[in-house]
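In what follows, a single structure is set out as structure tokens and then discussed.
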């Protein structure tokens, strides 16, 4: 019986979205699901181009949930505030980029309960709406290891959106500040 309830919660609380801007070589897909007391979102970054690309980690799930890269709203339009870490950054260098070979995908997962409080049962809209930094392998090869990347490296805004219905939100973990 308990297994059935958990399976039902996971199935009812799963949503997936895939979007990329029309000219972006990187396609981003996002899926979110509730697993026990956590709300996990998985992100896939797929290189749809015929050449290799590097994708910036800053302000993305690729580095974890160290800044606000999502906009979350409750069904009544109320914003769910980001309450997690706000990490300061030095300018990005080559070390802050991950290689995605042509046709391949890299993935990242974050637990939203580490940075957001979901305290009302109902439907939440989760939108990944940050600019994505990417450079082709040929562009990256022209950059010295510790050299700051050109500010123009921030490209298309990622727009991926999911809606998830959450019940028994009192059982979800809450952000910890210790």
Using the Kirkwood formula on alpha carbons, the hydrodynamic radius of region 26-68 in angstrom works out to 12.1 Å
Sorted by packing (mean other beta-carbon atoms within 10 Å per residue), highest first, where do 158-165, 82-89, 93-100 land? 158-165, 93-100, 82-89
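Coordinate-derived values only; no laboratory data. What you see is a predicted model, and the numbers here were worked out from it, not measured in a lab. Positions of Cβ are backbone-derived with ideal geometry, glycine not excepted, and every protein chain shown enters the neighbour counts.
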